[in-house]
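What follows is a single structure, written as structure tokens, with notes after it.
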Amino acid sequence: MCTTHLELDELYYSNDPRNVLRFYEMFDSAEELIDWMKRRPKADVNIYEVEGDTDIVIVIPTANVNSDYAKMDLNIYKGFQMIFCESSGRYFNYAHSINICVKEAIKYNPEWVIFSNDDVYKIDEPYILRNELKKLDYKDVSAILPSDRNYQFHYNELRILKPTFIKGYRSFFLGSLSLLYGEIFRKSTKNIDISLILLLARAQIYYNKLLRRFNLPYVDLRVIDKKLTYKIRHIIENLFNEHINTFIIKKFGDFGGFSRTFLNKNNSVIFDETFINGVENYDLSFKLMIEKVLVKVIRYRKGSYKGRSLGVGINNMGISRNFRDFANYVYFTYKHYNELLYNNSIKCSYQHV
């Protein structure tokens, strides 16, 4: 690899998805790509605090502490000590921001530290979160997750697959149909950019090829359900001898909590900062499963705008962001290579409320 860091940055952060794909051609191995990830600078993080009860501290990463999302958070978590970690720009790092704020939060010696994205909305009142946490002994329970609207929790499946030639083209074909259907369902066909849909779907061919070049498996995260399409995917993957391993996890998303006991044992570090604003939550979830950490689901609900504050969608910016995640999946797979391929004894040890 003879390309400079600056040239790599320009490709990686381009809003032209094709340039982001070109970025991966600059590396001869997964090790080279991960080395670039580890050597990236990180944006400054500014701390803003809102006073409240410190037995439970809420940490919230945000690009702008004066944004509408941040202002809504003041109501969602009213009464709690809140720490906003404001950071933005090219080198914003979600994991770094959370870790910085958690270290600030632990200074208050709280029983629980909750991390929450800024783009969530209120379903349950703050006192419900407090009451649910008070039912738990923070010395025994290490982590918590919220329920959904119906007080249910959906487990996720990490399915480890061979990145075969056939799988790449199958993902392209099925992905094209799914994306096209989704766009037609949301708006009239005259506003659909077919070329972007095909590019997004065709990238699966490229990504599978990249994994073969790096000698890594394909990691697919799925919500476990009883739909026929879910079962058919399993049948097809087994038919083509693509399936390697499966793990059932409780996935951390835009909200989660950790006890003081757990944080003290882990030096107040939650996320791996090598990840670049993606997949760090899968990494955390997988790590907790491997280590058999007790995670409880509590009867507290909140809603999510699912990444609106970062920008998503079938447009150049949204697709570029999707392609940048390839690096995160490469790192996750490389980091957990032996567990993903060879560990057949890991069982889900989580308890459900």
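Applying the selection to the range 260-294, what residues are touching a Leu at 6+ places or on another chain (Cβ under 8 Å) and among the polar types (S, T, N, Q)?
N277
R130 passes all but one of (1) assigned by the TED database to the domain that holds L198; (2) surrounded by 15 or more Cβ atoms within 10 Å (Cβ to Cβ); (3) in a helix (DSSP H, G or I); (4) not hydroxyl-bearing (S, T, Y); which number fails?
(1)
Would you check if L158 is within 24 Å of Q204 (Cβ to Cβ), modelled with pLDDT under 80 and either aliphatic (A, V, I, L, M) or crowded, with 21+ Cβ neighbours inside 10 Å (or both)? It would help to see each step written out before you state the result.
Values: within 24 Å of Q204 (Cβ to Cβ): yes; modelled with pLDDT under 80: no; either aliphatic (A, V, I, L, M) or crowded, with 21+ Cβ neighbours inside 10 Å (or both): yes.
Against the criterion (within 24 Å of Q204 (Cβ to Cβ), modelled with pLDDT under 80 and either aliphatic (A, V, I, L, M) or crowded, with 21+ Cβ neighbours inside 10 Å (or both)), L158 does not qualify.
Just give me the residues in the range 216-230 being in a loop (DSSP other than H, G, I, E, B) and closer than 17 Å to H243 by Cα, in sequence order.
To start, the set of residues in the range 216-230 that are in a loop (DSSP other than H, G, I, E, B) comprises 216-217, 224-227.
Those that are in a loop (DSSP other than H, G, I, E, B) and closer than 17 Å to H243 by Cα: L216, P217, I224.
Among the candidates I166, I144, which residue alone is open to solvent by less than 20 Å² (accessible area, probe 1.4 Å) and either at pLDDT 85 or above or not aliphatic (A, V, I, L, M) (or both)?
On the way: I166 fails: open to solvent by less than 20 Å² (accessible area, probe 1.4 Å).
On inspection, the qualifying residue turns out to be I144.
Given N215, N267, N241, which one is under 22 Å from the mean Cα position of the chain (by Cα), open to solvent by 70 Å² or more (accessible area, probe 1.4 Å) and on the phi > 0 side of the Ramachandran plot?
Details: N215 fails: under 22 Å from the mean Cα position of the chain (by Cα); N241 fails: under 22 Å from the mean Cα position of the chain (by Cα).
Going through N215, N267, N241 in turn, just one is under 22 Å from the mean Cα position of the chain (by Cα), open to solvent by 70 Å² or more (accessible area, probe 1.4 Å) and on the phi > 0 side of the Ramachandran plot: N267.
Confirm whether I235 is without any contact (Cβ under 8 Å) to a residue 40 or more places away in the chain and either under 21 Å from the mean Cα position of the chain (by Cα) or surrounded by fewer than 20 Cβ atoms within 10 Å (Cβ to Cβ) (or both). Working first, answer last.
On the way: without any contact (Cβ under 8 Å) to a residue 40 or more places away in the chain: yes; either under 21 Å from the mean Cα position of the chain (by Cα) or surrounded by fewer than 20 Cβ atoms within 10 Å (Cβ to Cβ) (or both): yes.
Against the criterion (without any contact (Cβ under 8 Å) to a residue 40 or more places away in the chain and either under 21 Å from the mean Cα position of the chain (by Cα) or surrounded by fewer than 20 Cβ atoms within 10 Å (Cβ to Cβ) (or both)), I235 qualifies.
Taking the condition of being at pLDDT 90 or above, in a helix (DSSP H, G or I) and either more than 24 Å from K250 (Cα to Cα) or more than 15 Å from the chain's Cα centre (by Cα) (or both), how many residues in the range 325-353 meet it?
Residues of the range 325-353 at pLDDT 90 or above: 325-340.
Keeping just the survivors that are in a helix (DSSP H, G or I) gives 325-335, 337-340.
Retained after the next criterion (residues that are either more than 24 Å from K250 (Cα to Cα) or more than 15 Å from the chain's Cα centre (by Cα) (or both)): 334-335, 337-340.
Number of matching residues: 6.
Of all residues in the range 295-312 being open to solvent by 40 Å² or more (accessible area, probe 1.4 Å) and at pLDDT below 95, which is farthest from I76 (Cα to Cα)?
V312
Restricting attention to the range 313-324, which residues are modelled with pLDDT under 85 and open to solvent by 20 Å² or more (accessible area, probe 1.4 Å)?
G313, I314, N315, N316, M317, listed by residue number.
Any residue at all in the range 124-132 that's touching a strand residue (DSSP E or B) at 6+ places or on another chain (Cβ under 9 Å) and among the aromatic types (F, W, Y)? Walk me through it before giving the result.
Going through the range 124-132, the residues touching a strand residue (DSSP E or B) at 6+ places or on another chain (Cβ under 9 Å) turn out to be 124, 126, 128-132.
Keeping just the survivors that are among the aromatic types (F, W, Y) gives none.
Taking every residue of the range 124-132 in turn, none turns out to be touching a strand residue (DSSP E or B) at 6+ places or on another chain (Cβ under 9 Å) and among the aromatic types (F, W, Y).
The values are calculated or read from the model by the stated rules, or taken from the named source; none is laboratory data. These numbers come from a predicted model, not from an experiment. Positions of Cβ are backbone-derived with ideal geometry, glycine not excepted, and every protein chain shown enters the neighbour counts. Protein only, heavy atoms only, side chains kept; ligands, DNA and RNA dropped before computing areas. Shrake-Rupley method; radii C 1.70, N 1.55, O 1.52, S 1.80 Å.
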